[in-house]
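Down below is the structure, laid out as structure tokens.
The values are calculated or read from the model by the stated rules, or taken from the named source; none is laboratory data. This is a predicted model, so every value here is computed, not measured. Using ideal geometry, Cβ is built from the backbone for each residue, glycine included, and neighbour counts are taken over all protein chains shown.
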Amino acid sequence: MRCTTNCLEKRVRLGLERVGKFIGLHPWWFIFVPLTLAVSLGWGFCFLEDRKSNDIVQQFTPMDGRAKTEKHFFESYFLHNTENYEDFSSLRLTTDGVYGALIFTSDTSVLSMAALEEILLVDANVKGITIGYGTEEEYSYGDICAKVNGHCHPNVLLEILDYDANNINVLNLTFPSFDSIRMGKLSLEHLLGQVEVDSAAVVQSANALRLFYYLQDVNATLGDSWLNKFVELMTNVTTSITQVSYFTSISRQQEFEKSTKSVTHLFAITYFIAILFSVLSCVRFDNVRNKVWLACLGVISAGLAVLSSFGLLLLLNVPFAITVASSPFLILGIGIDDMFIMISCWQQTNVHDSVEDRLAATYKEAAISITITTLTDVLAFYLSFSSPFGSVQSFCLYAGTAILFCYLYNITFFGACLALNGKREGGNRHWLTCMKVPEDCPPEASRGYIACCVGGSYDHKTGAEEEHLMQGFFRKYYGPFLTTVWAKAAVIVLYIGYISVSVYGCTTIKEGIDLKNLAIDQSYLVQYYEAEKEYFHNYGPIVMLAVNGSFPYWDEAKRDLLESCIEEFKALTFISDLSVSWLHSFERYAKQENLNITTEAEFKNHLQTFLQRHPTLRLDVSLANESIQASRFFLKTSKPPSEKIMLQSLRETAQSCEVQPLVVYHPAFIYYDQYTVIASNTIQTVSVATVVMLAISLILIPNPVCALWVAFAIASVIVGVAGFMALLGINLDSISMINLVISIGFSVDFSAHISYTFVSSTKASVDEKVVDALSNLGYPILQGALSTILGVVVLSVSVSYIFRTFFTIMFLVISFGLLHGIAFIPVFLSFSRFCSK
């Protein structure tokens with residue numbers, strides 16, 4: 001195995017060495033061609049607006065989620081529920097519907113006369129909204145509202161009061177349900193929050209009241225216009241007795257799209273910070289050996305990679321999700337990291353050699369290292385393309401392609417820049433003016449002349465450039481210190497503490513994305529979601545339960561079997577009751593009318609009459625040629641232990657019932673589906689990527705034991721990031737899943753650099769190899785880590801949770817990766833006697 005990896009690694013090194021020499025001989029071609037390619041592909045940005053794919057359901061829920069199939073089933077059999085807006089039922093919607101919502105809250109009670117008068121005034125203002133459409137037509141709320149019995153869908157609490165606040169003093173309002181003479185039995189659980197009742201269940205006070213304004217979903221432009229006017233009105237509404245929060249069915253999408261715009265201007269700041277840091281890191285107090293221009297060109301090389309990769313994918317019509325907007329910050333850090341490695345290796349070459357030989361030697365040492373990290377990063381992202389989340393797929397495709405271009409431009413464009421800079425240094429020319437300067441100080445020279453016009457010093461015996469201060473620190477102080485017994489013991493204790501806390505954190509991790517986090521911080525959505533969570537958290541959704549296919553409802557034995565299934569659902573801890581049942585209502589009707597429904601003919605005949613008298617229940621029975629194709633019932637839920645447990649329990653109960661097939665559904669299940677796949681999919685993706693990373697390490701690092709240490713570093717960093725992520729209150733969702741994939745690449749980057757340099761060292765003892773590896777790559781790794789953190793640090797001030805989370809996890813990834821690269825892995829390698837080339 002060792003011989004095989006050695007041979008392959010040597011061939012790769014030899015090939016890259018030849019590439020370096022060729023570029024050194026023809027640098028201008030490798031400047032011109034990458035620039036031309038980048039400008040050509042950059043035209044793809046003209047299609048950016050057309051390629052944006054920010055639909056929340058598409059990007060942040062599983063693309064093949066089971067709930068989407070269940071939704072299709074309900075729409076196939078009960079489609080009239082969403083189309084018949086003259087007989088509207090919000091309970092029976094298969095989507096969220098088109099609506100505006102208000103939540104009024106009060107520290108005392110929203111049912112006081114003064115509070116109710118304020119609520120009724122706001123309600124009147126909302127219903128007074130008019131919108132223009134076309135050239136002359138104007139529509140009021142009454143024109144476009146969803147109707148029940150010819151009237152707009154009612155807010156039953158206001159209907160009960162007959163829109164008169166004084167009636168609250170004479171009304172015995174009961175909770176959780178109220179029997180109205182006009183409207184029948186009404187459920188108030190989702191309309192009143194934090195309710196206090198007396199022994200007779202009569203409401204004494206309530207801290208929250210919710211109103212809904214449903215619209216017809218027949219003209220999207222008309223509905224969106226009214227909802228936008230609704231938001232505009234509520235933005236300017238002032239209340240003194242109650243606090244009001246508001247929401248519309250299009251608000252989540254609109255506010256989510258603002259998140260992308262909130263981060264655009266931050267990239268310019270990041271680019272400036274990256275250039276400044278690179279320049280400061282590469283500055284030399286030598287007017288010839290100064291690497292200022294190289295640092296700037298390295299940042300430009302990373303920018304060209306983003307321009308080319310994004311442009312190419314946009315030209316190929318690849319969707320651009322909001323998560324992709326964070327990848328340029330990442331690519332900038334990776335590109336600068338590779339640049340630092342190449343500059344470090346260049347500085348270790350012999351100044352007396354020709355430029356092409358120096359570049360060949362640079363590629364021989366550096367290019368294999370950045371080849372390993374590029375392969376691992378790219379494969380980590382491309383393997384994650386199998387994720388069921390569109391946001392993850394889009395990010396991984398864009399980021400993986402950008403890293404490929406970043407590698408291509410580092411090898412070609414930046415390598416050519418190194419060669420041209422080498423020619424300048426070879427001619428002993430000034431870094432700024434390109435004028436020839438003296439290497440030695442003239443006797444009569446002033447201090448100012450020496451500082452500005454003298455340079456080009458190097459070790460004339462060895463031909464080596466002067467050692468950078470930080471490289472000297474790693475060689476003289478840090479490396480020797482780390483190889484002492486006490487330092488090794490301290491590192492082991494530190495690692496035990498790190499991994500213990502990480503494992504504990506992993507046991508506390510929560511799954512799923514909180515939808516309010518998709519909006520920017522200042523969004524009105526946040527206030528609405530918080531009010532909903534605080535005042536209405538005890539009541540879950542009303543879930544549809546459908547019997548699919550023909551079922552002999554007239555057979556009493558079969559009906560008993562169906563009833564036993566329903567009882568199984570009611571036995572679940574979070575199912576409080578059967579909310580609506582057309583079958584129970586029909587049985588009561590038959591009993592009252594003394595009808596026989598035990599034969600198929602009589603059952604169907606009487607059912608037709610019953611459904612004509614109860615048009616709302618008609619929506620729950622799908623008939624074709626007088627045969628029931630499907631029917632549905634409604635289960636009332638209370639607060640479940642978790643959305644995941646509720647969804648799994650309902651589906652498992654439906655699967656275990658003797659009546660088959662049963663289908664359970666609620667529009668929220670489309671979002672809940674993420675809980676069923678996120679953990680298993682993340683573990684699967686990370687595991688496969690780790691195995692592939694190990695395979696690459698075994699092939700390109702010429703020592704199996706050290707390659708295993710790299711694989712160990714991957715697992716260790718992932719566990720650390722996941723554990724600390726949970727301790728910081730970040731859920732495992734499609735956003736954090738992206739960052740866990742990133743952590744695979746970065747954990748390889750730092751550890752692979754050190755491991756490869758360690759096994760390539762010609763030193764005799766393992767401790768000397770550690771010192772040699774740290775002195776050569778300790779500072780470039782530190783530079784790369786700092787540059788990556790600086791590349792994403794501006795995201796910490798973003799008003800979007802998505803981008804702040806990206807920064808937080810990236811900070812963890814880089815910090816832990818750096819800790820492994822310059823502390824844990826070097827110490828662990830020092831215990832491996834077999835880690836020699």
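Could you go through the stretch 303-314 and let me know if any residue there is farther than 16 Å from G42 by Cβ, in a helix (DSSP H, G or I) and not acidic (D, E).
no
How many residues does the stretch 275-310 contain that are under 30 Å from F60 (Cβ atoms) and either at pLDDT below 80 or not aromatic (F, W, Y) (or both)?
Total satisfying the criteria: 7.
In this structure, does K591 turn out to be over 42 Å from the mean Cα position of the chain (by Cα), surrounded by fewer than 11 Cβ atoms within 10 Å (Cβ to Cβ) and either outside any strand (DSSP E or B) or among the basic types (K, R) (or both)?
In short, yes.
How many residues does the stretch 786-815 contain that are at pLDDT 85 or above and either small (G, A, S) or touching an Asp or Glu at 6+ places or on another chain (Cβ under 8 Å) (or both)?
Number of matching residues: 1.
Which residue pairs have Cβ atoms closer than 7 Å, lie 6 or more positions apart in sequence or on different chains, and pair a first residue in the stretch 586-608 that is outside the structural domain of P552 (by TED's automatic domain parsing) and among the aromatic types (F, W, Y) with a second residue that is loosely packed, with under 14 Cβ neighbours inside 10 Å and in a helix (DSSP H, G or I)?
Note: no pairs meet the criteria.
Per-residue answers, yes or no, for (1) free of Cβ contacts under 8 Å to residues at least 24 places away in the same chain; (2) farther than 30 Å from E467 by Cβ; (3) within 27 Å of the chain's Cα centre (by Cα):
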{"site": "S249", "(1), (2), (3)": "no, yes, yes"}
{"site": "S259", "(1), (2), (3)": "no, yes, yes"}
{"site": "F272", "(1), (2), (3)": "yes, no, yes"}
{"site": "L280", "(1), (2), (3)": "yes, no, no"}
{"site": "R289", "(1), (2), (3)": "no, no, no"}
{"site": "V292", "(1), (2), (3)": "no, no, no"}
{"site": "G298", "(1), (2), (3)": "no, no, no"}
{"site": "A302", "(1), (2), (3)": "no, no, yes"}
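Take the residues in the stretch 652-684 that are within 20 Å of K71 (Cβ to Cβ) and charged (D, E, K, R), then tell me which one is surrounded by the most Cβ atoms within 10 Å (Cβ to Cβ).
D673
Against the condition hydroxyl-bearing (S, T, Y), surrounded by fewer than 19 Cβ atoms within 10 Å (Cβ to Cβ), in contact (Cβ under 8 Å) with a residue 24 or more places away in the chain and outside any loop (DSSP other than H, G, I, E, B), how does S649 come out, does it pass?
yes
Out of (1) under 27 Å from I735 (Cβ atoms); (2) at pLDDT 90 or above, the odd one out for A360 is which?
In the conditions (1) under 27 Å from I735 (Cβ atoms); (2) at pLDDT 90 or above, A360 misses (1) alone.
With respect to L120, determine if the residue is surrounded by 13 or more Cβ atoms within 10 Å (Cβ to Cβ) and outside the structural domain of A220 (by TED's automatic domain parsing).
Considered against the rule, which asks whether it is surrounded by 13 or more Cβ atoms within 10 Å (Cβ to Cβ) and outside the structural domain of A220 (by TED's automatic domain parsing), L120 comes out as no.
For residues that are in a helix (DSSP H, G or I) and among the polar types (S, T, N, Q), scanning just the stretch 478-517, find the one that is surrounded by the fewest Cβ atoms within 10 Å (Cβ to Cβ).
Per the stated criteria, the residue is T507.
Residue under question is L572, and the condition is that it be within 30 Å of L515 (Cβ to Cβ) and assigned to a loop (DSSP other than H, G, I, E, B); does it hold?
yes
Applying the selection to the stretch 656-675, what residues are farther than 18 Å from D620 by Cβ, not in a loop (DSSP other than H, G, I, E, B) and not hydroxyl-bearing (S, T, Y)?
Residues satisfying the conditions are F669, I670, D673, Q674.
Would it be correct to say that S760 is touching a Lys or Arg at 6+ places or on another chain (Cβ under 7 Å), among the polar types (S, T, N, Q) and either in contact (Cβ under 8 Å) with a residue 12 or more places away in the chain or closer than 30 Å to A325 by Cβ (or both)?
For S760, the condition - touching a Lys or Arg at 6+ places or on another chain (Cβ under 7 Å), among the polar types (S, T, N, Q) and either in contact (Cβ under 8 Å) with a residue 12 or more places away in the chain or closer than 30 Å to A325 by Cβ (or both) - is met.
How many residues does the stretch 637-657 hold that are touching a Gly at 6+ places or on another chain (Cβ under 8 Å) and either acidic (D, E) or within 15 Å of C565 (Cα to Cα) (or both)?
1
At least 1 residues that are among the aromatic types (F, W, Y) and more than 40 Å from the chain's Cα centre (by Cα) in each: list the strands (runs of 3 or more DSSP E) lying fully within the stretch 108-227 that qualify.
Passing ranges, in order: 177-180.
Being over 16 Å from V392 (Cβ atoms), in contact (Cβ under 8 Å) with a residue 24 or more places away in the chain and of a type in the set (D, E) is the filter here; which residues of the stretch 652-686 pass it?
Correct list: E658 only.
Please determine whether any residue of the stretch 623-635 is surrounded by 16 or more Cβ atoms within 10 Å (Cβ to Cβ) and not in a strand (DSSP E or B).
no
Which pairs turn up if I take residues in the stretch 508-536 that are on the phi > 0 side of the Ramachandran plot and look for partners that are surrounded by 17 or more Cβ atoms within 10 Å (Cβ to Cβ) and in a helix (DSSP H, G or I) with beta carbon separation below 9 Å, at least 6 apart in sequence or on another chain?
Cβ pairs passing all conditions: G512/E643; G512/K644; G512/Y671; G512/Y672; G512/Q674; G512/Y675; G512/I678.
For the stretch 29-54: of the residues being outside any helix (DSSP H, G or I) and in contact with a helix residue (DSSP H, G or I) (Cβ under 7 Å, 6 or more places away or on another chain), which is surrounded by the most Cβ atoms within 10 Å (Cβ to Cβ)?
Across the stretch 29-54, the extreme among qualifying residues is N54.
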